[in-house]
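The values are calculated or read from the model by the stated rules, or taken from the named source; none is laboratory data. Since this is a predicted model, take the numbers as computed values, not measurements. Here the Cβ positions follow ideal geometry from the backbone for every residue, glycine too, while neighbour counts run over all protein chains shown. Heavy atoms of the whole protein, side chains included, go into the accessibility calculation; ligands, DNA and RNA do not. Shrake-Rupley method; radii C 1.70, N 1.55, O 1.52, S 1.80 Å.
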Amino acid sequence: MSGLGVRAGERVVLVWGLPSSLEALKELAQSVEAAGSGVRVSLENVDRLLLSSHAPSSCDLVLSGLVPGSALIHSSEILAEIARIMKPGGRLILAEPVTTTGNDSKLKTAGKLLSALKLSGLVDVSEVKNEPVNAEEAASVKEVTGYQGNSLSRVQVSASKPNFEVGSSTQLKLSFGKKATQSEKPALDPNAAKMWTLSANDIDDDDVDLLDSDALLDAEDLRKPDPASLKATSCGDGAGQKKKACKNCSCGLAEELEQESKSSKKNIKKDTQPKSACGSCYLGDAFRCASCPYMGMPAFKPGEKILLQENQLNDA
């Protein structure tokens, strides 16, 4: 059993199925137990494996279909159950008859068997050996599966379970931000640095001419511009159109229109103030005319708004 990798103290599950002989099964179980001290072997029939009471992640090694003369076909449910009872890092050695044509619905090809093991959650799936079946094994396969072809072989595959429990989770440390890269300044060319450096000796040199910034401006540049000249040619102008400042006006037209609007409002307010014919209405009844509408009201300040009470508007 050295080729199966049985280690001391491991728990091994031996899966078998008909038409394997009981003598061959017993011999294989004894050889597995003798492979190391403390090895415990559990026998499980493939038809009863789904009903077994094996706890999840409870066995170290699963041997399936290795009994001589076995024609065991592993369904996806059987492979999932085997993966469930294996410990993280546990191993599986499996043997199954396959066909090379792939035309049969009951038998898999070697490639499809490897894919089924991967889909069951197992990793490190590899084909150990592939050998033709003898006449007795071929008859057993045809009896169990009803296969009528002649392209049969027996493939042995090894696989293992990942080193984590099924359904376990962990926090992923992901950083989607841009990593700050420390940019290194390029080395300066000494000749270029010297060209753009002005020292005290260079100032004293007669060959260096320093220009006065005020000398660059003439009298025309220092003259304050006329606000009318700052306006655009089409700013607020138009035949028969009302003046309107442009959006984000910077030529002063907006302020000019605003000032005109305020002045017109003041003039309208002055025009709407009540005017006295005699000019003495605000002094009181002693100075008012006989037909004065303010008769009977107290004196008020000139320009003050007067509200006539409702009872004064009714006929006597």
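Amide H neighbours of residue 90 under 5 Å, counting only residues 5+ apart in sequence or on other chains, H built in-plane at 1.01 Å?
Answer set, sorted by chain and number: 161.
Quick query: amide H of residue 297 versus all other amide H atoms, modeled in the peptide plane; which residues come in under 5 Å with a sequence gap of 5 or more or a different chain?
Amide H neighbours of residue 297, under 5 Å, 5+ apart: none.
Taking only Cα atoms of the stretch 81-156, what ratio of Rg to Rh do you get with Rh as the Kirkwood inverse-distance radius?
1.00
Figure the gain on full extension for residue 48 and residue 127 (residue separation times 0.36 nm, minus the Cα-Cα span) and round it to one decimal in nm.
Working: separation 79, 0.36 × 79 = 28.44 nm, distance 2.66 nm.
Extending this stretch completely gives an extra 25.8 nm.
Tell me the carbon and sulfur percent of the accessible area for the stretch 11-161, rounded to whole percent, probe radius 1.4 Å.
Taking all protein chains in place, the stretch 11-161 shows 51 percent carbon and sulfur surface.
Kindly work out what percent of the DSSP beta bridges joining two residues of the stretch 11-161 are antiparallel, to the nearest 5.
Numbers: 16 of 31 bridges.
That works out to approximately 50 percent antiparallel.
Placing +1 at every Lys and Arg Cβ and -1 at every Asp and Glu Cβ, with all other atoms neutral, what dipole size does the stretch 11-161 have around its Cα centre, in debye to the nearest 20?
Roughly 440 debye for the stretch 11-161.
Can you order the peptides 87-96, 5-14, 128-137 by their average number of other Cβ atoms within 10 Å per residue, highest first? Spell out each step's value before the answer.
Numbers: 87-96: 19.9, 5-14: 17.3, 128-137: 12.0.
Ranking, from highest mean packing down: 87-96, 5-14, 128-137.
In debye to the nearest 20, how big a dipole does the stretch 40-119 give about its Cα centre with +1 on each Lys and Arg Cβ and -1 on each Asp and Glu Cβ? Please report the intermediate quantities before stating the final value.
Values: 9 positive and 7 negative charges, 41 e Å.
For the stretch 40-119, the charge dipole is close to 200 debye.
What whole-number value in Å² describes the accessible area per residue of the stretch 1-42 for a 1.4 Å probe?
That works out to 55 Å² for each residue.
Between residue 187 and residue 216, what FRET efficiency comes out of the Förster formula 1/(1 + (r/R0)^6) with R0 = 45 Å and r the beta carbon distance, rounded to 0.05?
0.75
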